Amino acid sequence: MDMQIDDEIEAAAHDYGRVLRLLRSLPDHCALDVGALADQVGADKLELIQWVRADITFARLIESKVTK
């Protein structure tokens, strides 16, 4: 059971890092909203929203990429 949780945590950290790199490579105001931005980086919209709530730096990065 603990190994499964460790694997899930490692996968989430990998996804976060991958999405963060992709977001940083995009130009500002490149998406209409968070859903469109999630589509562009191949992420789940709800996961992006959770990361926004957990990390103010991530929230500001998302804010710079959307127009709404």
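Some observations on this one:
- Checking every one of the chymotrypsin sites (Phe, Trp or Tyr not before Pro) in segment 10-68 against DSSP loop status and a limit of 13 other Cβ atoms within 10 Å picks out no site at all.
- The candidates 22, 32, 48, arranged from most to least accessible area with a 1.4 Å probe in the full protein assembly, appear as 32, 22, 48.
- The modelled label-to-label distance for the pair residue 24/residue 52, using points 7 Å beyond Cα in the direction of Cβ, is 2.1 nm.
- Given charges at beta-carbon only (K, R positive; D, E negative), |dipole| of the chain in Debye: 520 debye
- Phi-based couplings in Hz for segment 37-52 (Karplus 6.51, -1.76, 1.60; Gly and Pro marked x): 5, 4, 4, 5, 9, x, 10, 7, 4, 5, 5, 4, 5, 4, 5, 4
- Residue (of 32, 4, 46) at the positive-pole extreme of the chain, dipole from beta-carbon charges: 32
The values are calculated or read from the model by the stated rules, or taken from the named source; none is laboratory data. Just so we're clear, the structure is a prediction, and the values are computed from it rather than from any experiment. Methodologically, a virtual Cβ is constructed for each residue, glycine included, from the backbone with ideal geometry; neighbour enumeration extends over all protein chains shown. For accessibility, only protein heavy atoms count, side chains too; no ligands or nucleic acids. Shrake-Rupley method; radii C 1.70, N 1.55, O 1.52, S 1.80 Å.
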